[in-house]
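Everything on this sheet refers to the single structure shown next.
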Amino acid sequence: MTRNAEVARVLKEIGLLLEIEGKDKFKPRAYYRGMRSIASLGEDIESVAKRDTLTDIPGIGKGLSEVIKSYLETGEVELLTKLRTRVPVKVLELDSIPGVGPKTIRLVYEKLGVTDLGTLEKAANGGKLSGLPGLGEKTQVQIIEGIQVVRAGLERTLLADAISAAERIENDLRKLKVVKQLITAGSTRRRRETIGDLDFLVDATEPETVMDAFVNSEGVATIIAHGPTKSSIRLESGLQVDLRVLPSDSFGAGLQYFTGSVDHNVRLRSIAQKMGLRLNEYGLYKDKKKVAGEDEEGIYKALGLQWVPPELREDTGEIEAAQNGNLPELVTMNDIRGDLHSHTDQSDGKNTIEEMLDAAQALGYQYYCVSDHTQSLTIANGMDEDRLLKRIEEIDELNASGRWKMKILKGAEVDILADGGLDIEDEVLSQLDVVTGSIHSRMKDKKETMTERVCHAMENKNIHLLGHPTGRLIGKRSEFEIDLERVFETARKHNVIMELNAHPQRLDLNAGNLRAAIKMGLKIAINTDAHRISELDNMRFGIFQARRGWLTPDDIINTCPLKKLMKSIKK
(Lines give C-alpha, C1' and ligand atoms only; values in the text may rest on other atoms or scores of the structure.)
Protein backbone atom coordinates (compact mmCIF):
# COMPACT_ATOMS: atom_id res chain seq x y z
CA MET A 1 0.00 0.00 0.00
CA THR A 2 1.17 3.54 -0.76
CA ARG A 3 1.37 6.43 1.70
CA ASN A 4 -0.74 8.65 -0.51
CA ALA A 5 -3.76 8.66 1.80
CA GLU A 6 -1.54 9.37 4.78
CA VAL A 7 0.08 12.38 3.07
CA ALA A 8 -3.32 13.59 1.88
CA ARG A 9 -4.57 13.54 5.48
CA VAL A 10 -1.61 15.66 6.61
CA LEU A 11 -2.31 18.25 3.91
CA LYS A 12 -5.99 18.25 4.81
CA GLU A 13 -5.25 18.81 8.50
CA ILE A 14 -2.97 21.73 7.69
CA GLY A 15 -5.62 23.24 5.43
CA LEU A 16 -8.32 22.88 8.07
CA LEU A 17 -6.18 24.40 10.79
CA LEU A 18 -5.18 27.31 8.55
CA GLU A 19 -8.83 27.94 7.69
CA ILE A 20 -9.89 27.90 11.33
CA GLU A 21 -7.04 30.23 12.24
CA GLY A 22 -8.38 32.54 9.56
CA LYS A 23 -5.23 34.54 8.78
CA ASP A 24 -4.98 33.66 5.09
CA LYS A 25 -7.96 32.53 3.01
CA PHE A 26 -5.85 31.39 0.06
CA LYS A 27 -3.39 29.04 1.79
CA PRO A 28 -6.06 26.56 2.93
CA ARG A 29 -7.27 26.23 -0.65
CA ALA A 30 -3.76 25.36 -1.80
CA TYR A 31 -3.51 22.60 0.79
CA TYR A 32 -6.96 21.26 -0.05
CA ARG A 33 -6.07 21.14 -3.74
CA GLY A 34 -2.83 19.40 -2.94
CA MET A 35 -4.71 16.93 -0.74
CA ARG A 36 -7.11 16.08 -3.56
CA SER A 37 -4.27 15.67 -6.06
CA ILE A 38 -2.40 13.27 -3.78
CA ALA A 39 -5.57 11.34 -2.93
CA SER A 40 -6.26 10.73 -6.62
CA LEU A 41 -2.66 10.19 -7.64
CA GLY A 42 -2.25 6.96 -9.56
CA GLU A 43 1.31 6.45 -8.33
CA ASP A 44 3.09 5.96 -5.01
CA ILE A 45 3.90 9.41 -3.58
CA GLU A 46 7.19 8.12 -2.18
CA SER A 47 8.32 7.08 -5.66
CA VAL A 48 7.49 10.54 -6.99
CA ALA A 49 9.40 12.16 -4.14
CA LYS A 50 12.47 9.99 -4.77
CA ARG A 51 12.49 11.15 -8.40
CA ASP A 52 12.22 14.74 -7.13
CA THR A 53 9.20 15.35 -9.38
CA LEU A 54 6.58 16.29 -6.78
CA THR A 55 6.03 19.66 -8.44
CA ASP A 56 4.90 17.85 -11.59
CA ILE A 57 1.74 16.86 -9.70
CA PRO A 58 -1.11 19.32 -10.36
CA GLY A 59 -1.58 21.59 -7.35
CA ILE A 60 1.79 20.81 -5.79
CA GLY A 61 4.13 23.79 -5.85
CA LYS A 62 7.50 24.24 -4.24
CA GLY A 63 6.05 25.00 -0.80
CA LEU A 64 3.80 21.95 -0.67
CA SER A 65 6.53 19.73 -2.10
CA GLU A 66 8.79 20.69 0.82
CA VAL A 67 5.99 19.89 3.26
CA ILE A 68 5.50 16.47 1.67
CA LYS A 69 9.23 15.73 1.62
CA SER A 70 9.54 16.67 5.27
CA TYR A 71 6.71 14.36 6.26
CA LEU A 72 7.94 11.43 4.17
CA GLU A 73 11.49 11.77 5.51
CA THR A 74 10.86 12.61 9.17
CA GLY A 75 7.21 11.93 9.86
CA GLU A 76 6.80 15.56 10.94
CA VAL A 77 5.91 18.92 9.43
CA GLU A 78 7.06 22.03 11.29
CA LEU A 79 4.06 24.07 10.17
CA LEU A 80 1.63 21.39 11.34
CA THR A 81 3.30 21.24 14.75
CA LYS A 82 2.99 25.01 15.16
CA LEU A 83 -0.62 25.04 13.98
CA ARG A 84 -1.60 22.31 16.43
CA THR A 85 -0.14 24.49 19.21
CA ARG A 86 -1.88 27.66 18.06
CA VAL A 87 -5.19 25.94 17.29
CA PRO A 88 -5.56 22.97 19.69
CA VAL A 89 -8.47 21.44 17.82
CA LYS A 90 -8.77 17.87 16.54
CA VAL A 91 -9.93 19.09 13.17
CA LEU A 92 -9.89 15.76 11.32
CA GLU A 93 -12.03 14.23 14.04
CA LEU A 94 -14.58 17.05 13.86
CA ASP A 95 -14.47 17.29 10.07
CA SER A 96 -15.41 13.61 9.86
CA ILE A 97 -18.87 14.44 11.24
CA PRO A 98 -21.43 14.65 8.42
CA GLY A 99 -22.54 18.26 8.01
CA VAL A 100 -19.68 19.76 10.00
CA GLY A 101 -17.09 21.74 8.06
CA PRO A 102 -14.36 24.30 8.74
CA LYS A 103 -16.77 27.21 9.28
CA THR A 104 -18.77 25.31 11.90
CA ILE A 105 -15.60 24.05 13.57
CA ARG A 106 -14.24 27.60 13.80
CA LEU A 107 -17.54 28.90 15.15
CA VAL A 108 -17.92 26.31 17.93
CA TYR A 109 -14.23 26.61 18.81
CA GLU A 110 -14.31 30.39 19.16
CA LYS A 111 -17.72 30.64 20.83
CA LEU A 112 -17.86 27.48 22.94
CA GLY A 113 -14.28 26.26 23.22
CA VAL A 114 -15.06 23.02 21.37
CA THR A 115 -11.85 21.18 20.52
CA ASP A 116 -12.86 17.59 19.84
CA LEU A 117 -15.74 15.19 19.39
CA GLY A 118 -16.43 14.93 23.11
CA THR A 119 -16.73 18.65 23.75
CA LEU A 120 -18.88 19.12 20.64
CA GLU A 121 -21.18 16.31 21.74
CA LYS A 122 -21.51 17.85 25.19
CA ALA A 123 -22.33 21.26 23.71
CA ALA A 124 -24.86 19.78 21.28
CA ASN A 125 -26.61 17.66 23.90
CA GLY A 126 -26.73 20.74 26.14
CA GLY A 127 -28.54 22.71 23.46
CA LYS A 128 -25.76 25.26 23.12
CA LEU A 129 -25.33 24.95 19.34
CA SER A 130 -28.77 26.20 18.39
CA GLY A 131 -28.05 29.60 19.86
CA LEU A 132 -25.04 30.25 17.66
CA PRO A 133 -25.24 32.40 14.49
CA GLY A 134 -26.37 30.31 11.54
CA LEU A 135 -27.07 27.20 13.63
CA GLY A 136 -30.64 26.28 14.48
CA GLU A 137 -32.45 23.40 16.16
CA LYS A 138 -32.42 21.33 12.96
CA THR A 139 -28.67 21.73 12.52
CA GLN A 140 -28.10 20.80 16.13
CA VAL A 141 -30.07 17.58 15.69
CA GLN A 142 -28.16 16.79 12.49
CA ILE A 143 -24.85 17.27 14.28
CA ILE A 144 -25.94 15.00 17.13
CA GLU A 145 -26.90 12.32 14.59
CA GLY A 146 -23.63 12.86 12.76
CA ILE A 147 -21.68 12.35 15.96
CA GLN A 148 -23.47 9.05 16.50
CA VAL A 149 -22.44 7.93 13.00
CA VAL A 150 -18.83 8.82 13.72
CA ARG A 151 -18.97 7.18 17.13
CA ALA A 152 -19.95 3.91 15.44
CA GLY A 153 -16.67 3.75 13.57
CA LEU A 154 -14.27 6.26 15.10
CA GLU A 155 -12.44 3.79 17.30
CA ARG A 156 -11.93 1.39 14.42
CA THR A 157 -9.49 1.64 11.55
CA LEU A 158 -10.28 0.40 8.05
CA LEU A 159 -8.46 -2.82 7.22
CA ALA A 160 -6.67 -1.15 4.30
CA ASP A 161 -5.30 1.62 6.52
CA ALA A 162 -4.28 -0.87 9.21
CA ILE A 163 -2.48 -3.05 6.68
CA SER A 164 -0.73 0.00 5.23
CA ALA A 165 0.60 0.91 8.69
CA ALA A 166 1.45 -2.73 9.45
CA GLU A 167 3.40 -3.20 6.24
CA ARG A 168 5.43 -0.08 6.85
CA ILE A 169 6.40 -1.13 10.38
CA GLU A 170 6.97 -4.74 9.35
CA ASN A 171 9.24 -3.76 6.46
CA ASP A 172 11.37 -1.63 8.78
CA LEU A 173 11.67 -4.30 11.46
CA ARG A 174 12.50 -7.03 8.97
CA LYS A 175 15.65 -5.12 8.08
CA LEU A 176 17.02 -6.00 11.51
CA LYS A 177 19.26 -9.07 11.29
CA VAL A 178 18.22 -10.15 14.79
CA VAL A 179 14.63 -10.81 13.66
CA LYS A 180 13.92 -14.49 13.00
CA GLN A 181 10.12 -14.37 12.66
CA LEU A 182 7.71 -11.43 12.51
CA ILE A 183 3.96 -11.71 11.89
CA THR A 184 0.94 -9.44 12.23
CA ALA A 185 -1.67 -11.13 14.41
CA GLY A 186 -5.06 -10.13 15.79
CA SER A 187 -8.01 -8.98 13.73
CA THR A 188 -5.67 -7.72 11.01
CA ARG A 189 -4.54 -11.28 10.32
CA ARG A 190 -8.17 -12.39 10.38
CA ARG A 191 -8.83 -9.64 7.79
CA ARG A 192 -11.69 -8.04 9.68
CA GLU A 193 -13.24 -5.06 7.91
CA THR A 194 -12.08 -2.68 10.63
CA ILE A 195 -9.29 -2.96 13.17
CA GLY A 196 -9.13 -1.86 16.79
CA ASP A 197 -5.35 -2.02 17.09
CA LEU A 198 -2.38 -3.73 15.52
CA ASP A 199 -0.62 -6.72 17.10
CA PHE A 200 2.85 -7.85 16.08
CA LEU A 201 4.60 -10.99 17.26
CA VAL A 202 8.36 -11.33 16.92
CA ASP A 203 10.97 -14.03 17.50
CA ALA A 204 14.37 -12.38 17.75
CA THR A 205 17.87 -13.12 19.01
CA GLU A 206 18.11 -9.62 20.51
CA PRO A 207 14.60 -8.54 21.62
CA GLU A 208 15.82 -5.23 23.05
CA THR A 209 17.14 -4.17 19.65
CA VAL A 210 13.76 -4.86 18.07
CA MET A 211 11.89 -3.02 20.82
CA ASP A 212 14.12 0.04 20.48
CA ALA A 213 13.56 0.13 16.72
CA PHE A 214 9.82 -0.40 17.18
CA VAL A 215 9.22 2.53 19.55
CA ASN A 216 11.24 4.72 17.21
CA SER A 217 9.22 3.72 14.15
CA GLU A 218 8.13 6.39 11.68
CA GLY A 219 4.85 8.07 12.53
CA VAL A 220 4.89 7.33 16.28
CA ALA A 221 2.94 9.94 18.25
CA THR A 222 3.18 8.40 21.73
CA ILE A 223 5.18 5.62 23.36
CA ILE A 224 2.69 3.93 25.64
CA ALA A 225 5.05 1.25 26.97
CA HIS A 226 8.64 0.21 26.24
CA GLY A 227 9.72 -3.06 27.78
CA PRO A 228 12.01 -6.00 27.01
CA THR A 229 9.20 -8.36 25.89
CA LYS A 230 6.29 -6.03 25.12
CA SER A 231 6.03 -2.48 23.83
CA SER A 232 3.10 -0.33 22.73
CA ILE A 233 2.95 2.81 20.63
CA ARG A 234 0.25 5.08 19.28
CA LEU A 235 0.65 6.29 15.73
CA GLU A 236 -0.24 9.78 14.59
CA SER A 237 -3.33 8.27 12.99
CA GLY A 238 -4.48 7.26 16.49
CA LEU A 239 -3.94 3.56 15.87
CA GLN A 240 -2.37 1.65 18.77
CA VAL A 241 0.28 -0.90 17.88
CA ASP A 242 1.54 -3.61 20.24
CA LEU A 243 4.67 -5.74 19.81
CA ARG A 244 5.31 -8.91 21.78
CA VAL A 245 8.40 -11.10 21.87
CA LEU A 246 7.87 -14.86 21.87
CA PRO A 247 10.42 -17.68 22.15
CA SER A 248 10.90 -19.86 19.07
CA ASP A 249 9.39 -22.97 20.65
CA SER A 250 6.23 -21.05 21.55
CA PHE A 251 5.85 -18.88 18.47
CA GLY A 252 3.15 -20.98 16.84
CA ALA A 253 1.10 -21.16 20.02
CA GLY A 254 1.44 -17.43 20.53
CA LEU A 255 0.47 -16.74 16.94
CA GLN A 256 -2.63 -18.89 17.29
CA TYR A 257 -3.57 -17.30 20.60
CA PHE A 258 -3.06 -13.67 19.59
CA THR A 259 -4.70 -14.13 16.20
CA GLY A 260 -7.99 -15.04 17.88
CA SER A 261 -10.84 -14.67 17.76
CA VAL A 262 -11.73 -15.04 21.43
CA ASP A 263 -14.63 -17.36 20.57
CA HIS A 264 -12.43 -19.52 18.35
CA ASN A 265 -9.79 -19.78 21.07
CA VAL A 266 -12.33 -20.71 23.72
CA ARG A 267 -13.47 -23.62 21.54
CA LEU A 268 -9.89 -24.81 21.06
CA ARG A 269 -9.16 -24.69 24.78
CA SER A 270 -12.36 -26.66 25.44
CA ILE A 271 -11.28 -29.35 22.98
CA ALA A 272 -7.86 -29.47 24.60
CA GLN A 273 -9.36 -29.87 28.07
CA LYS A 274 -11.54 -32.77 26.93
CA MET A 275 -8.37 -34.45 25.65
CA GLY A 276 -6.63 -33.95 28.98
CA LEU A 277 -4.46 -31.16 27.52
CA ARG A 278 -3.86 -27.52 28.39
CA LEU A 279 -3.59 -24.81 25.72
CA ASN A 280 -2.26 -21.30 26.22
CA GLU A 281 -0.11 -18.75 24.40
CA TYR A 282 3.05 -20.69 25.20
CA GLY A 283 2.04 -24.11 23.93
CA LEU A 284 -0.12 -27.21 24.16
CA TYR A 285 0.75 -29.27 27.24
CA LYS A 286 0.18 -32.76 28.56
CA ASP A 287 0.74 -32.18 32.26
CA LYS A 288 4.06 -30.28 32.20
CA LYS A 289 5.26 -31.65 28.87
CA LYS A 290 4.86 -29.44 25.82
CA VAL A 291 3.41 -31.47 22.95
CA ALA A 292 3.06 -28.62 20.41
CA GLY A 293 3.72 -24.90 20.13
CA GLU A 294 6.51 -24.20 17.66
CA ASP A 295 4.08 -23.74 14.77
CA GLU A 296 0.33 -23.32 14.38
CA GLU A 297 -0.14 -26.43 12.27
CA GLY A 298 1.19 -28.54 15.13
CA ILE A 299 -1.36 -27.07 17.55
CA TYR A 300 -4.33 -27.86 15.31
CA LYS A 301 -3.00 -31.30 14.37
CA ALA A 302 -2.51 -32.29 17.99
CA LEU A 303 -6.13 -31.30 18.65
CA GLY A 304 -7.35 -33.49 15.78
CA LEU A 305 -8.14 -30.54 13.49
CA GLN A 306 -7.20 -29.30 10.08
CA TRP A 307 -5.26 -26.05 10.19
CA VAL A 308 -7.88 -23.30 10.06
CA PRO A 309 -7.17 -20.28 7.84
CA PRO A 310 -7.12 -17.12 10.00
CA GLU A 311 -10.02 -15.53 8.09
CA LEU A 312 -12.35 -18.30 9.29
CA ARG A 313 -11.48 -18.16 12.99
CA GLU A 314 -14.72 -16.65 14.24
CA ASP A 315 -16.44 -19.76 15.64
CA THR A 316 -18.99 -19.84 12.85
CA GLY A 317 -18.65 -23.51 11.97
CA GLU A 318 -14.95 -23.72 11.19
CA ILE A 319 -14.20 -25.93 14.21
CA GLU A 320 -16.71 -28.58 13.15
CA ALA A 321 -15.51 -28.41 9.54
CA ALA A 322 -11.90 -28.80 10.68
CA GLN A 323 -12.81 -31.79 12.84
CA ASN A 324 -14.44 -33.49 9.86
CA GLY A 325 -11.74 -32.49 7.38
CA ASN A 326 -14.27 -30.40 5.43
CA LEU A 327 -12.74 -26.93 5.44
CA PRO A 328 -13.13 -25.22 2.04
CA GLU A 329 -10.22 -24.51 -0.29
CA LEU A 330 -10.52 -20.75 -0.09
CA VAL A 331 -10.05 -18.46 -3.06
CA THR A 332 -6.68 -16.72 -3.52
CA MET A 333 -5.45 -13.85 -5.67
CA ASN A 334 -3.96 -16.38 -8.09
CA ASP A 335 -7.47 -17.60 -8.92
CA ILE A 336 -8.70 -14.24 -10.24
CA ARG A 337 -8.70 -13.92 -14.04
CA GLY A 338 -10.28 -10.52 -14.46
CA ASP A 339 -12.17 -7.53 -13.10
CA LEU A 340 -15.77 -6.89 -14.21
CA HIS A 341 -16.41 -3.41 -12.77
CA SER A 342 -14.14 -0.39 -13.27
CA HIS A 343 -14.28 3.22 -14.41
CA THR A 344 -12.36 5.63 -16.65
CA ASP A 345 -12.20 9.38 -17.12
CA GLN A 346 -15.24 9.10 -19.36
CA SER A 347 -17.33 9.19 -16.17
CA ASP A 348 -15.79 9.88 -12.76
CA GLY A 349 -12.58 7.87 -13.13
CA LYS A 350 -9.16 9.53 -13.08
CA ASN A 351 -7.36 7.57 -15.82
CA THR A 352 -7.98 6.99 -19.51
CA ILE A 353 -9.22 3.67 -20.78
CA GLU A 354 -5.77 2.91 -22.23
CA GLU A 355 -4.10 3.59 -18.88
CA MET A 356 -6.56 1.35 -17.03
CA LEU A 357 -6.10 -1.41 -19.62
CA ASP A 358 -2.31 -1.23 -19.36
CA ALA A 359 -2.53 -1.54 -15.58
CA ALA A 360 -5.00 -4.44 -15.78
CA GLN A 361 -2.83 -6.30 -18.28
CA ALA A 362 0.17 -5.86 -15.97
CA LEU A 363 -1.82 -7.81 -13.38
CA GLY A 364 -2.01 -10.75 -15.78
CA TYR A 365 -5.76 -10.60 -16.33
CA GLN A 366 -7.36 -12.59 -19.12
CA TYR A 367 -10.26 -10.15 -19.39
CA TYR A 368 -11.18 -6.73 -18.08
CA CYS A 369 -14.51 -4.90 -18.17
CA VAL A 370 -14.83 -1.15 -18.58
CA SER A 371 -18.11 -0.11 -16.93
CA ASP A 372 -18.51 3.63 -16.57
CA HIS A 373 -21.52 5.25 -14.94
CA THR A 374 -24.64 6.03 -16.93
CA GLN A 375 -26.65 9.17 -17.44
CA SER A 376 -28.71 9.42 -14.23
CA LEU A 377 -25.56 9.89 -12.18
CA THR A 378 -24.89 13.38 -13.52
CA ILE A 379 -22.44 14.16 -10.73
CA ALA A 380 -20.23 11.38 -12.14
CA ASN A 381 -20.60 12.56 -15.75
CA GLY A 382 -22.67 9.48 -16.54
CA MET A 383 -22.89 8.31 -20.15
CA ASP A 384 -26.08 8.46 -22.20
CA GLU A 385 -27.00 6.06 -25.02
CA ASP A 386 -25.02 7.95 -27.68
CA ARG A 387 -21.84 8.01 -25.62
CA LEU A 388 -22.27 4.34 -24.73
CA LEU A 389 -22.60 3.39 -28.40
CA LYS A 390 -19.41 5.29 -29.15
CA ARG A 391 -17.70 3.49 -26.26
CA ILE A 392 -18.81 0.15 -27.71
CA GLU A 393 -17.19 1.06 -31.03
CA GLU A 394 -14.08 2.26 -29.23
CA ILE A 395 -13.67 -1.02 -27.35
CA ASP A 396 -14.14 -3.01 -30.57
CA GLU A 397 -11.29 -1.00 -32.04
CA LEU A 398 -9.12 -1.47 -28.95
CA ASN A 399 -9.68 -5.23 -29.05
CA ALA A 400 -8.81 -5.28 -32.76
CA SER A 401 -5.63 -3.29 -32.20
CA GLY A 402 -3.81 -6.27 -30.68
CA ARG A 403 -2.14 -4.03 -28.10
CA TRP A 404 -3.70 -5.96 -25.22
CA LYS A 405 -3.61 -9.73 -24.96
CA MET A 406 -6.60 -9.81 -22.65
CA LYS A 407 -10.20 -9.47 -23.82
CA ILE A 408 -11.67 -6.02 -23.20
CA LEU A 409 -15.31 -6.43 -22.20
CA LYS A 410 -17.93 -3.79 -22.94
CA GLY A 411 -19.84 -2.82 -19.83
CA ALA A 412 -21.65 -0.12 -17.89
CA GLU A 413 -22.67 0.53 -14.31
CA VAL A 414 -26.31 1.36 -14.92
CA ASP A 415 -28.41 3.26 -12.42
CA ILE A 416 -31.41 1.50 -10.93
CA LEU A 417 -34.13 4.14 -10.91
CA ALA A 418 -36.73 4.71 -8.22
CA ASP A 419 -39.27 2.51 -10.02
CA GLY A 420 -36.78 -0.31 -10.60
CA GLY A 421 -36.16 0.60 -14.21
CA LEU A 422 -32.71 1.12 -15.69
CA ASP A 423 -31.56 4.48 -17.02
CA ILE A 424 -30.34 3.14 -20.40
CA GLU A 425 -32.56 1.72 -23.14
CA ASP A 426 -32.60 -2.07 -23.53
CA GLU A 427 -31.57 -1.79 -27.15
CA VAL A 428 -28.21 -0.34 -26.09
CA LEU A 429 -27.80 -2.53 -23.01
CA SER A 430 -28.19 -5.65 -25.15
CA GLN A 431 -24.98 -4.72 -26.99
CA LEU A 432 -22.90 -4.78 -23.81
CA ASP A 433 -21.04 -7.82 -22.47
CA VAL A 434 -21.51 -7.09 -18.76
CA VAL A 435 -24.17 -4.80 -17.28
CA THR A 436 -23.93 -3.94 -13.58
CA GLY A 437 -27.03 -2.45 -12.01
CA SER A 438 -26.47 -0.28 -8.93
CA ILE A 439 -28.32 1.99 -6.52
CA HIS A 440 -26.94 5.52 -6.21
CA SER A 441 -30.03 7.46 -5.14
CA ARG A 442 -32.96 7.35 -2.69
CA MET A 443 -30.90 5.21 -0.32
CA LYS A 444 -33.23 5.87 2.61
CA ASP A 445 -36.31 4.36 0.97
CA LYS A 446 -38.31 1.96 3.12
CA LYS A 447 -37.38 -1.70 3.12
CA GLU A 448 -40.29 -2.89 1.00
CA THR A 449 -39.80 -0.08 -1.51
CA MET A 450 -36.07 -0.75 -1.85
CA THR A 451 -36.60 -4.50 -2.14
CA GLU A 452 -39.23 -4.11 -4.85
CA ARG A 453 -37.00 -1.64 -6.68
CA VAL A 454 -33.98 -3.94 -6.77
CA CYS A 455 -35.94 -7.09 -7.56
CA HIS A 456 -37.77 -5.39 -10.42
CA ALA A 457 -34.44 -4.22 -11.86
CA MET A 458 -33.03 -7.75 -11.77
CA GLU A 459 -35.95 -8.98 -13.84
CA ASN A 460 -34.54 -7.01 -16.77
CA LYS A 461 -33.02 -9.49 -19.22
CA ASN A 462 -29.98 -7.26 -19.78
CA ILE A 463 -28.71 -6.97 -16.20
CA HIS A 464 -25.92 -9.38 -15.23
CA LEU A 465 -24.55 -8.11 -11.89
CA LEU A 466 -25.99 -6.33 -8.88
CA GLY A 467 -23.36 -3.78 -7.83
CA HIS A 468 -22.49 -3.11 -4.16
CA PRO A 469 -25.79 -4.74 -3.15
CA THR A 470 -26.31 -3.13 0.26
CA GLY A 471 -24.84 0.30 -0.47
CA ARG A 472 -22.90 0.63 2.75
CA LEU A 473 -19.81 2.73 3.35
CA ILE A 474 -18.05 1.38 6.43
CA GLY A 475 -18.07 3.96 9.20
CA LYS A 476 -19.88 6.44 6.97
CA ARG A 477 -23.17 5.02 5.78
CA SER A 478 -25.28 2.09 6.91
CA GLU A 479 -26.66 -0.57 4.59
CA PHE A 480 -29.93 -0.02 2.77
CA GLU A 481 -33.04 -1.32 4.44
CA ILE A 482 -33.56 -4.26 2.11
CA ASP A 483 -34.75 -7.86 2.22
CA LEU A 484 -31.62 -9.62 1.01
CA GLU A 485 -33.17 -13.06 1.13
CA ARG A 486 -35.80 -11.98 -1.36
CA VAL A 487 -33.17 -10.21 -3.44
CA PHE A 488 -31.10 -13.39 -3.52
CA GLU A 489 -34.12 -15.46 -4.52
CA THR A 490 -34.89 -13.08 -7.38
CA ALA A 491 -31.26 -13.05 -8.44
CA ARG A 492 -31.17 -16.84 -8.58
CA LYS A 493 -34.37 -16.93 -10.62
CA HIS A 494 -33.04 -14.42 -13.17
CA ASN A 495 -29.38 -15.50 -13.14
CA VAL A 496 -28.04 -12.26 -11.68
CA ILE A 497 -24.61 -12.37 -10.06
CA MET A 498 -23.98 -10.67 -6.73
CA GLU A 499 -21.02 -8.31 -6.62
CA LEU A 500 -18.49 -8.34 -3.82
CA ASN A 501 -17.24 -4.79 -4.14
CA ALA A 502 -13.61 -4.80 -3.07
CA HIS A 503 -13.28 -1.11 -2.23
CA PRO A 504 -11.97 -1.09 1.38
CA GLN A 505 -14.75 1.22 2.51
CA ARG A 506 -17.45 -0.92 0.90
CA LEU A 507 -16.51 -4.62 1.15
CA ASP A 508 -20.08 -5.15 0.10
CA LEU A 509 -21.36 -7.88 0.58
CA ASN A 510 -20.20 -8.66 4.11
CA ALA A 511 -18.98 -12.10 5.12
CA GLY A 512 -22.32 -13.30 6.46
CA ASN A 513 -24.20 -12.16 3.38
CA LEU A 514 -21.68 -13.90 1.14
CA ARG A 515 -22.24 -17.20 2.90
CA ALA A 516 -25.99 -16.74 2.62
CA ALA A 517 -25.74 -15.97 -1.10
CA ILE A 518 -23.65 -19.06 -1.79
CA LYS A 519 -25.99 -21.20 0.26
CA MET A 520 -28.83 -20.03 -2.00
CA GLY A 521 -26.90 -21.08 -5.09
CA LEU A 522 -25.74 -17.65 -6.28
CA LYS A 523 -22.43 -16.76 -7.87
CA ILE A 524 -20.22 -13.88 -6.78
CA ALA A 525 -18.11 -11.45 -8.80
CA ILE A 526 -15.21 -9.86 -6.91
CA ASN A 527 -14.75 -6.42 -8.48
CA THR A 528 -12.60 -3.45 -7.56
CA ASP A 529 -14.96 -0.70 -8.79
CA ALA A 530 -11.63 1.02 -9.54
CA HIS A 531 -11.78 4.72 -10.40
CA ARG A 532 -8.01 5.02 -10.85
CA ILE A 533 -5.05 2.74 -11.55
CA SER A 534 -4.02 2.38 -7.92
CA GLU A 535 -7.45 1.06 -6.95
CA LEU A 536 -7.01 -2.05 -9.09
CA ASP A 537 -4.87 -3.28 -6.20
CA ASN A 538 -8.01 -3.31 -4.04
CA MET A 539 -8.76 -6.74 -5.47
CA ARG A 540 -6.82 -8.21 -2.57
CA PHE A 541 -9.30 -6.72 -0.09
CA GLY A 542 -12.08 -8.39 -2.02
CA ILE A 543 -10.18 -11.67 -1.73
CA PHE A 544 -9.78 -11.16 2.03
CA GLN A 545 -13.53 -10.59 2.36
CA ALA A 546 -14.33 -13.56 0.12
CA ARG A 547 -12.19 -15.82 2.29
CA ARG A 548 -13.99 -14.55 5.38
CA GLY A 549 -17.19 -15.53 3.59
CA TRP A 550 -15.89 -19.09 3.00
CA LEU A 551 -15.78 -18.59 -0.77
CA THR A 552 -13.95 -21.03 -3.03
CA PRO A 553 -12.87 -20.38 -6.63
CA ASP A 554 -15.97 -22.26 -7.83
CA ASP A 555 -18.21 -19.72 -6.08
CA ILE A 556 -16.69 -16.78 -7.96
CA ILE A 557 -17.50 -15.96 -11.55
CA ASN A 558 -14.30 -14.09 -12.40
CA THR A 559 -12.13 -17.08 -11.63
CA CYS A 560 -13.53 -18.67 -14.81
CA PRO A 561 -11.82 -18.65 -18.22
CA LEU A 562 -13.37 -16.14 -20.61
CA LYS A 563 -15.49 -18.63 -22.56
CA LYS A 564 -16.99 -20.13 -19.41
CA LEU A 565 -17.52 -16.66 -17.93
CA MET A 566 -19.53 -15.44 -20.90
CA LYS A 567 -21.58 -18.62 -20.96
CA SER A 568 -22.29 -18.36 -17.25
CA ILE A 569 -23.55 -14.78 -17.29
CA LYS A 570 -25.69 -15.25 -20.38
CA LYS A 571 -29.33 -14.66 -19.49
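The values are calculated or read from the model by the stated rules, or taken from the named source; none is laboratory data. These numbers were taken from a predicted model, which means no experiment stands behind them. Reconstructed Cβ throughout: ideal geometry from the backbone, glycine too, with neighbour counts over all protein chains shown.
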*Among the residues of the stretch 375-405, count how many are over 17 Å from GLY421 (Cβ atoms), among the small types (Gly, Ala, Ser) and assigned to a loop (DSSP other than H, G, I, E, B).*
1
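Restricting attention to the stretch 287-313, report how many residues are in contact (Cβ under 8 Å) with a residue 60 or more places away in the chain and surrounded by 20 or more Cβ atoms within 10 Å (Cβ to Cβ).
Residues meeting the conditions: 4.
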*Would you please name the residue that is nearest to the chain's Cα centre (by Cα), looking only at residues in the stretch 466-493 that are outside any loop (DSSP other than H, G, I, E, B) and among the aliphatic types (A, V, I, L, M)?*
LEU473
*With respect to LEU198, is the statement that it is buried (at least 18 other Cβ atoms within 10 Å of the Cβ) and either in contact with a Gly (Cβ under 9 Å, 6 or more places away or on another chain) or assigned to a loop (DSSP other than H, G, I, E, B) (or both) true?*
yes
*Going by the conditions given, is ILE408 touching a helix residue (DSSP H, G or I) at 6+ places or on another chain (Cβ under 7 Å), in the same structural domain as THR344 (by TED's automatic domain parsing), within 21 Å of ARG515 (Cα to Cα) and not in a helix (DSSP H, G or I)?*
no
*Being more than 28 Å from the chain's Cα centre (by Cα), in a loop (DSSP other than H, G, I, E, B) and within 21 Å of GLU481 (Cβ to Cβ) is the filter here, so list the residues in the stretch 429-464 that pass it.*
GLU459
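Conditions tested, residue by residue: (1) more than 30 Å from ALA124 (Cβ to Cβ); (2) surrounded by fewer than 15 Cβ atoms within 10 Å (Cβ to Cβ); (3) not hydroxyl-bearing (Ser, Thr, Tyr).
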{"residue": "GLY146", "(1), (2), (3)": "no, no, yes"}
{"residue": "ASP203", "(1), (2), (3)": "yes, no, yes"}
{"residue": "ALA213", "(1), (2), (3)": "yes, no, yes"}
{"residue": "SER232", "(1), (2), (3)": "yes, no, no"}
*Considering only the stretch 352-367, how many residues are more than 11 Å from LEU536 (Cβ to Cβ) and of a type in the set (Asp, Glu)?*
1
*Taking LEU243, is it over 29 Å from THR316 (Cβ atoms), in a strand (DSSP E or B) and at pLDDT 95 or above?*
yes
*Among the residues of the stretch 336-364, which ones are surrounded by fewer than 19 Cβ atoms within 10 Å (Cβ to Cβ) and modelled with pLDDT of 95 or more?*
THR352, GLU354, GLU355, ASP358, GLN361, ALA362, LEU363, GLY364
*Go through ALA225, ALA165 for me and flag whichever is farther than 21 Å from GLU296 by Cα, crowded, with 17+ Cβ neighbours inside 10 Å, outside the structural domain of LEU514 (by TED's automatic domain parsing) and among the small types (Gly, Ala, Ser).*
ALA165
*Starting from the stretch 447-459, take each residue that is at pLDDT below 95 and list its partners that are among the charged types (D, E, K, R) and part of a helix (DSSP H, G or I), counting only C-beta distances under 6 angstrom and pairs at least six apart or across chains.*
THR451/ARG486
*asked:* Restricting to the stretch 239-257, name every residue that is surrounded by fewer than 20 Cβ atoms within 10 Å (Cβ to Cβ) and touching a residue at least 60 places away in the same chain (Cβ under 8 Å).
replied: SER248
*For the stretch 114-129, what are the residues that are over 28 Å from the mean Cα position of the chain (by Cα) and without any contact (Cβ under 8 Å) to a residue 24 or more places away in the chain?*
THR119, LYS122, ALA123, ALA124, ASN125, GLY126, GLY127, LYS128, LEU129
